[in-house]
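The values are calculated or read from the model by the stated rules, or taken from the named source; none is laboratory data. Everything numeric in this text was worked out from a predicted model, so none of it was measured. Positions of Cβ are backbone-derived with ideal geometry, glycine not excepted, and every protein chain shown enters the neighbour counts.
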Amino acid sequence: MTPPDHADVPRTWRKPPFIANPALRYGLWLAVIVYLIWAFGSLPFNWERISEGLPRAARIFGGGFPPSFERSGLLITGFKESFQIAILATLLGVALSIPFAVMAARNVAPKPIYLLGRAVIIVSRSFHPVIVAILFVAAVGFGPLAGILTLTVYSIGFVGKLLAEEIEEIDWGQVEAMKAVGAGYFATLVYAVFPQILPRQVGLSMYQLDSNLRASAVVGIVGAGGIGGTLMNAFGRYDYDFAFAILLTIIAVILVSEGISGWVRKKIW
């Protein structure tokens, strides 16, 4: 028997391509390139307006330096309101996301309840917070209440989805052990399901607080309270140095918040 010729055997393993057919693979690349060329060519870019806007942008950036912190009272008031909006919305959103996450977990909820929970989470995640803020501003008026409601809906969509996925990946042995001793549905949730997702829930809550702090500045631009309204007013008055002071403060606050949340998550995990 002739021994196999090892000279033709590749010595290094190469991951097979996602699309094995080379004609289809390169055809898709060609289609993407053609689409990008068509998309850029068909969109109505006003290059004259863009060229005129570059010097205007330079004037804005030039007027913003050095940043002015003279009106620190407005800055503190705006950030105080943003913090209140973000914290209240995070607490409400996380508290409401837990029952919706249980409803949206396939392994612990009946199918009709599962479909209802998934529908609520999908609707909560379907719209950008600015769009939701515009709706709540129209419904309840300008101010922090619209911001709290907006970020609560935003928190339910994000935290609820990830918690539902976490519940679907729990160790089912603990659930079976609780059922074996005659525990009811809610006792099983409290003693077998929730302890397994608690570290994940705390980490998600900290991350959502970070996200709500950033989003509170954005939704404030459309009248939902917080520092965003102060920032919009500063730009509207061509007060660029104060506007840049607000932007720098936002960056500093987010950096501090990110550091604190990272430290808390490290201690938990």
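Collect the residues in region 104-132 that are of a type in the set (Lys, Arg) and in contact with a helix residue (DSSP H, G or I) (Cβ under 7 Å, 6 or more places away or on another chain), keeping them in residue-number order. Explain how you work it out, then say what you get.
Initially, region 104-132 is screened for residues of a type in the set (Lys, Arg), giving 106, 111, 118, 125.
Answer for region 104-132, where residues must be of a type in the set (Lys, Arg) and in contact with a helix residue (DSSP H, G or I) (Cβ under 7 Å, 6 or more places away or on another chain): Arg106, Arg125.
All of Ile87, Ile50, Ile76, Ile98 fail the test of being under 22 Å from Ala245 (Cα atoms), of a type outside the set (D, E, K, R) and out of contact with any His (no Cβ under 8 Å at 6 or more places or on another chain), apart from Ile76.
Yes or no, residue by residue, for (1) modelled with pLDDT of 85 or more; (2) out of contact with any strand residue (DSSP E or B) (no Cβ under 7 Å at 6 or more places or on another chain); (3) within 24 Å of Leu255 (Cβ to Cβ):
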{"residue": "Tyr185", "(1), (2), (3)": "no, yes, no"}
{"residue": "Leu189", "(1), (2), (3)": "yes, yes, no"}
{"residue": "Gln196", "(1), (2), (3)": "yes, yes, no"}
{"residue": "Val202", "(1), (2), (3)": "no, yes, yes"}
{"residue": "Leu209", "(1), (2), (3)": "yes, yes, yes"}
{"residue": "Leu213", "(1), (2), (3)": "yes, yes, yes"}
{"residue": "Ala217", "(1), (2), (3)": "no, yes, yes"}
{"residue": "Gly225", "(1), (2), (3)": "no, yes, yes"}
{"residue": "Tyr240", "(1), (2), (3)": "no, yes, yes"}
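Taking each residue of region 138-149 that is assigned by TED's automatic domain parsing to the domain that holds Ala89 and under 20 Å from Lys80 (Cα atoms) and looking for partners that are crowded, with 16+ Cβ neighbours inside 10 Å and among the acidic types (Asp, Glu) with beta-carbon atoms closer than 7 Å, six or more apart or interchain, yields Pro144/Glu81.
Conditions tested, residue by residue: (1) closer than 30 Å to Val256 by Cα; (2) in contact with a Lys or Arg (Cβ under 9 Å, 6 or more places away or on another chain).
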position: Glu166; (1), (2): yes, yes
position: Gln174; (1), (2): no, no
position: Gly184; (1), (2): no, no
position: Val190; (1), (2): no, no
position: Val193; (1), (2): no, no
position: Ser205; (1), (2): yes, no
position: Ser211; (1), (2): yes, no
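Taking the conditions (1) among the polar types (S, T, N, Q); (2) crowded, with 19+ Cβ neighbours inside 10 Å; (3) over 30 Å from Ile87 (Cα atoms) in turn, Gln174 satisfies each one other than (2).
Could you please give the count of residues in region 213-238 that are of a type in the set (Gly, Ala, Ser) and more than 14 Å from Ala133 (Cβ to Cβ)? Working first, answer last.
Kept after step one, since they are of a type in the set (Gly, Ala, Ser), are these residues of region 213-238: 215-217, 220, 223-226, 228-229, 234, 236.
The next check asks that each one be more than 14 Å from Ala133 (Cβ to Cβ); those that pass are 234, 236.
So the answer is 2.
Let's see how each residue does on (1) surrounded by fewer than 18 Cβ atoms within 10 Å (Cβ to Cβ); (2) in contact with a helix residue (DSSP H, G or I) (Cβ under 6 Å, 6 or more places away or on another chain); (3) aromatic (Phe, Trp, Tyr); (4) over 20 Å from Arg71 (Cβ atoms):
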position: Tyr185; (1), (2), (3), (4): yes, no, yes, yes
position: Thr188; (1), (2), (3), (4): no, yes, no, yes
position: Gln196; (1), (2), (3), (4): yes, no, no, yes
position: Leu204; (1), (2), (3), (4): no, yes, no, yes
position: Asn212; (1), (2), (3), (4): no, yes, no, yes
position: Ala224; (1), (2), (3), (4): no, yes, no, yes
position: Arg237; (1), (2), (3), (4): yes, no, no, no
position: Ala245; (1), (2), (3), (4): no, no, no, no
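Whenever a residue of region 53-64 is not assigned by TED's automatic domain parsing to the domain that holds Asp241, its partners that are part of a helix (DSSP H, G or I) and among the aliphatic types (A, V, I, L, M), lying with C-beta atoms within less than 8 angstrom and at least six residues away or across chains, give the pairs Gly64/Ala243. Given the structure, is Phe79 of a type in the set (Phe, Trp, Tyr) and closer than 19 Å to Gly226 by Cβ? Considered against the rule, which asks whether it is of a type in the set (Phe, Trp, Tyr) and closer than 19 Å to Gly226 by Cβ, Phe79 comes out as yes.
No other residue among Pro22, Pro99, Pro55, Pro66 is surrounded by fewer than 16 Cβ atoms within 10 Å (Cβ to Cβ), out of contact with any Gly (no Cβ under 6 Å at 6 or more places or on another chain) and closer than 30 Å to Ile170 by Cα apart from Pro99. Taking the stated definitions as given, is Ala243 aliphatic (A, V, I, L, M), more than 29 Å from Gly143 (Cα to Cα) and either in the same structural domain as Val108 (by TED's automatic domain parsing) or in a helix (DSSP H, G or I) (or both)? Criteria not met by Ala243.
With Ile167, Ile148, Ile122 as the choices, which residue is aliphatic (A, V, I, L, M) and surrounded by fewer than 18 Cβ atoms within 10 Å (Cβ to Cβ)?
Working: Ile167 fails: surrounded by fewer than 18 Cβ atoms within 10 Å (Cβ to Cβ); Ile148 fails: surrounded by fewer than 18 Cβ atoms within 10 Å (Cβ to Cβ).
The unique qualifying residue is Ile122.
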